[in-house]
Amino acid sequence: MTAEQFLALQERRSGGRPSAAATAAPAKKTVRKKAAPHPGPPSVPEPPALEQLLAGLSGVGRTWTLLMPYAEKMLTSNQRLHWRPEHQIRQQLRTDAVVTARAKRLPRLQRAAIFYVLHPRSISRSRDPGNWAPTAKAYVDGLVTPNPHRPLERHLLPDDDHEHLLGPNPVMGAPVPTGFARMSLVVVELTGL
């Protein structure tokens, strides 16, 4: 039986109505989304302007600006990840913070304010640096507790509670010309009460 004979038989059986197979639209081609092009090699953003950040603080002591290592994967509030990849990214971000703090030889402080400066990719759309708070939290956790298996061992601050830490506060920085978004942490020693 040919395809035409089969369709004619189906039409006779349905009482003159054309069968669903005869009226069906031609099958669509499946279109694969093209992968987004790689944004290029990592670049170093301009350092943030500290005068604007420090204007609202009282009892400002020393300051340090830490450009965090280049990471293709960071956490945002809008992501929906399975716990395992999210945990792996968080662990890598904490390790990056520990390595950077040791390289800068940050001293132990009693009180500090931390600003996280987002350096986004140069795409013309609005950005919300507050969405990157999970990445900043992972970095701050790495600065305060360098080894999660020994939580009593502290590095930068005695604790990351409200008595010892102000922030982390989001700030928008200059965009990076190539590569994925970068983040800088500005650590400000607070000497006043």
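To keep it simple, each residue is scored yes or no on (1) under 17 Å from residue 95 (Cα atoms); (2) in contact (Cβ under 8 Å) with a residue 60 or more places away in the chain; (3) not small (Gly, Ala, Ser).
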| residue | (1), (2), (3) |
| --- | --- |
| 136 | yes, no, no |
| 139 | yes, yes, yes |
| 153 | yes, no, yes |
| 156 | yes, no, yes |
Query raised in the report: So which residues in the range 29-51 are farther than 14 Å from residue 178 by Cα and touching a residue at least 60 places away in the same chain (Cβ under 8 Å)?
Result: 47, 48, 50
Query - Members of the range 157-187 found to be more than 23 Å from the chain's Cα centre (by Cα) and either more than 20 Å from residue 60 (Cβ to Cβ) or of a type in the set (A, V, I, L, M, F, W, C) (or both), listed by number - result: 157, 159
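No lab work stands behind these numbers, since they all come straight from the coordinates. In this text the structure is predicted, and so the values were computed from the model without any measurement. Cβ coordinates were reconstructed from backbone atoms using ideal geometry, including for glycine residues, and neighbour counts include every protein chain displayed.
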